[in-house]
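Following: one structure in structure tokens, then a few remarks.
The values are calculated or read from the model by the stated rules, or taken from the named source; none is laboratory data. Nothing here was measured: the structure is a model prediction, and the numbers come from that model. Please note: Cβ atoms are built from the backbone with ideal geometry, for glycine as well, and neighbour counts cover all protein chains shown. Just so you know, the surface numbers come from the protein's heavy atoms only, side chains and all, with ligands and any DNA or RNA stripped out. Shrake-Rupley method; radii C 1.70, N 1.55, O 1.52, S 1.80 Å.
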Amino acid sequence: MADAKPVLTDYRDGILQITLNRPERLNAFNEETHRYLRAALTQAQENAEVRAVLMTGAGRAFCAGQDLSDRDIRAGGEAPDLGHTLETLYNPLVRQIRELRLPVICAVNGVAAGAGANIALACDIVLAAHSAKFIQAFSKIGLVPDSGGTWFLPRLIGEARAKALAMTAEPVSAETAASWGMIWKSVPDADLMKEASVLAEQLANGATAGLALTKQLIQQASQQPLDAHLDSERDAQRTAGNTNDYREGVTSFLEKRPAKFNGS
Ligand code: LHQ
């Protein structure tokens with residue numbers, strides 16, 4: 001029988017794997033899923049041994065977005081305050097992923113719809129199985145793309161494609177998503193977890209303090225002019241230049257041996 005927890009965590013060799021685990025509902029989000037996922041991400045940040053996060057879904061889907069059976073809105077009662085749902089559940093989750101000082105890899109193992117698609121796009125490096133699909137399902141139920149969708153999509157794929165996807169809810173295959181630059185890579189289904197794990201291992205063994213600064217800089221880039229951004233790079237490089245990993249990187253290069261980074 002499937003484990004009852006809506007989110008599973010598995011720590012190994014510097015990598016925290018986080019698996020959305022409500023396969024019978026295509027890993028759709030309810031409040032409990034949010035609570036568990038936020039706790040897992042907090043655990044990743046607070047445990048110094050964790051140096052990369054790998055997120056995926058159990059079963060045939062990555063995540064179908066909000067669990068639409070969670071509240072019955074058909075009965076003609078008072079409309080739920082979806083703004084409150086975003087404010088208290090989805091927005092803090094997206095912020096937490098973006099602010100995490102660790103690389104977050106998302107292995108999209110199957111369909112990613114609604115908020116599920118946009119939470120994948122909030123991650124730092126997204127790999128998807130050939131059979132996976134991304135669906136901005138919101139327009140089908142009268143909603144707007146949330147969880148950062150209207151921010152991520154135009155930046156990743158341009159306004160023309162972003163508007164068309166958001167307004168039509170047309171599914172995008174993993175291969176198209178990769179060719180558009182929406183995600184990093186589309187890989188054969190059978191190779192997804194292997195490839196994602198190898199990547200997670202590479203990052204977890206990397207100069208992770210530098211990677212965290214890199215993540216922050218790239219995210220900041222669209223929010224400030226070049227002049228201010230050059231200052232941010234200067235400050236970040238100063239910090240990176242003070243890490244043990246910088247010394248180790250240069251020393252290992254000069255000694256013609258593989259670097260042994262420890263993230264400090
Ligand atoms: C589901 C769901 C689901 C519950 C599949 N909920 N059961 C934020 C703020 C607050 C409120 C509103 O939303 C948001 C953000 C959002 O995410 S809005 C967008 C919500 N998501 C969707 O609209 C997607 C709904 N799902 C689908 O369109 C399809 O299920 C997809 C295209 C994802 C997959 O299609 P299929 O592969 O054909 O699978 P299926 O439809 O047969 O689903 C399998 C089961 O999973 C089925 O249950 P059943 O008991 O019949 O086997 C579905 O009812 C259930 N399921 N998504 N979001």
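Being in the same structural domain as Cys63 (by TED's automatic domain parsing) and either under 30 Å from Glu49 (Cβ atoms) or modelled with pLDDT under 95 (or both): is that true of Ser131 here?
Details: in the same structural domain as Cys63 (by TED's automatic domain parsing): yes; either under 30 Å from Glu49 (Cβ atoms) or modelled with pLDDT under 95 (or both): no.
Spelling it out, it is not the case that Ser131 is in the same structural domain as Cys63 (by TED's automatic domain parsing) and either under 30 Å from Glu49 (Cβ atoms) or modelled with pLDDT under 95 (or both).
Out of all the residues in segment 100-122, is one or more out of contact with any Leu (no Cβ under 7 Å at 6 or more places or on another chain), open to solvent by 70 Å² or more (accessible area, probe 1.4 Å) and more than 16 Å from the ligand (Cβ to nearest atom)?
yes
Those residues that are free of Cβ contacts under 8 Å to residues at least 24 places away in the same chain and either open to solvent by less than 40 Å² (accessible area, probe 1.4 Å) or over 18 Å from Thr19 (Cα atoms) (or both), I need them from segment 172-215; list them, please.
Residues of segment 172-215 that are free of Cβ contacts under 8 Å to residues at least 24 places away in the same chain, as a first pass: 176, 179, 190-191, 194, 198, 202, 214.
Across segment 172-215, the qualifying residues are Thr176, Ser179, Gln202, Thr214.
Taking the condition within 16 Å of the ligand (Cβ to nearest atom) and crowded, with 17+ Cβ neighbours inside 10 Å, does Arg71 pass?
Numbers: within 16 Å of the ligand (Cβ to nearest atom): yes; crowded, with 17+ Cβ neighbours inside 10 Å: no.
For Arg71, the condition - within 16 Å of the ligand (Cβ to nearest atom) and crowded, with 17+ Cβ neighbours inside 10 Å - is not met.
Just to be sure before I move on: is Val126 touching a residue at least 12 places away in the same chain (Cβ under 8 Å), surrounded by 15 or more Cβ atoms within 10 Å (Cβ to Cβ), over 30 Å from Gly249 (Cβ atoms) and touching a Lys or Arg at 6+ places or on another chain (Cβ under 9 Å) in the structure I sent?
Values: touching a residue at least 12 places away in the same chain (Cβ under 8 Å): yes; surrounded by 15 or more Cβ atoms within 10 Å (Cβ to Cβ): yes; over 30 Å from Gly249 (Cβ atoms): no; touching a Lys or Arg at 6+ places or on another chain (Cβ under 9 Å): yes.
Considered against the rule, which asks whether it is touching a residue at least 12 places away in the same chain (Cβ under 8 Å), surrounded by 15 or more Cβ atoms within 10 Å (Cβ to Cβ), over 30 Å from Gly249 (Cβ atoms) and touching a Lys or Arg at 6+ places or on another chain (Cβ under 9 Å), Val126 comes out as no.
Between Gly59, Gly65, Gly77, which is in contact (Cβ under 8 Å) with a residue 60 or more places away in the chain and either near the ligand (Cβ under 8 Å from one of its atoms) or more than 14 Å from the chain's Cα centre (by Cα) (or both)?
On the way: Gly59 fails: in contact (Cβ under 8 Å) with a residue 60 or more places away in the chain; Gly77 fails: in contact (Cβ under 8 Å) with a residue 60 or more places away in the chain.
One residue alone meets the criteria, Gly65.
Check every one of the helices (runs of 4 or more DSSP H) wholly within segment 197-264 and list those with 3 or more residues that are closer than 25 Å to Thr56 by Cβ. Spell out how you get there, then give the answer.
On the way: elements: 208-221, 226-241, 244-254.
Answer list for segment 197-264: 208-221.
For segment 137-159, which residues satisfy the criterion of being more than 19 Å from Cys63 (Cα to Cα) and part of a helix (DSSP H, G or I)? Step through it out loud before you land on a result.
Within segment 137-159, the first condition is being more than 19 Å from Cys63 (Cα to Cα), and the residues that meet it are 142, 151, 154-159.
Once the filter is applied, which keeps residues that are more than 19 Å from Cys63 (Cα to Cα) and part of a helix (DSSP H, G or I), segment 137-159 yields Trp151, Pro154, Arg155, Leu156, Ile157, Glu159.
Evaluate the following for Arg95: is it within 27 Å of Gln202 (Cβ to Cβ), out of contact with any His (no Cβ under 9 Å at 6 or more places or on another chain) and without any contact (Cβ under 8 Å) to a residue 12 or more places away in the chain? Spell out the reasoning first.
Working: within 27 Å of Gln202 (Cβ to Cβ): yes; out of contact with any His (no Cβ under 9 Å at 6 or more places or on another chain): yes; without any contact (Cβ under 8 Å) to a residue 12 or more places away in the chain: yes.
Yes: the conditions hold for Arg95.
Every residue in segment 89-111 that is closer than 18 Å to Ala40 by Cβ and not in a helix (DSSP H, G or I), please.
Quick first cut of segment 89-111, residues closer than 18 Å to Ala40 by Cβ only: 89-109.
Matches in segment 89-111: Leu100, Arg101, Leu102, Pro103, Val104, Ile105, Cys106, Ala107, Val108, Asn109.
Looking at segment 129-170, which of the residues that are acidic (Asp, Glu) and under 26 Å from Lys215 (Cα atoms) is least open to solvent (accessible area, probe 1.4 Å)? Steps first, answer last, please.
Pass one, segment 129-170, residues acidic (Asp, Glu): 146, 159, 170.
Still in the list and also under 26 Å from Lys215 (Cα atoms): 146, 159.
Details: Asp146: 30, Glu159: 113 Å².
Taking the candidates together, the pick is Asp146.
Quick check on segment 143-154. Is at least one of its residues at pLDDT 95 or above, within 12 Å of the ligand (Cβ to nearest atom) and either among the acidic types (Asp, Glu) or not assigned by TED's automatic domain parsing to the domain that holds Ala196 (or both)?
Applying the first criterion (at pLDDT 95 or above) to segment 143-154 yields 143-154.
From the residues that got through so far, the ones that are within 12 Å of the ligand (Cβ to nearest atom) too are 143-149.
Now restrict to residues that are either among the acidic types (Asp, Glu) or not assigned by TED's automatic domain parsing to the domain that holds Ala196 (or both): 146.
Yes: one or more hits.
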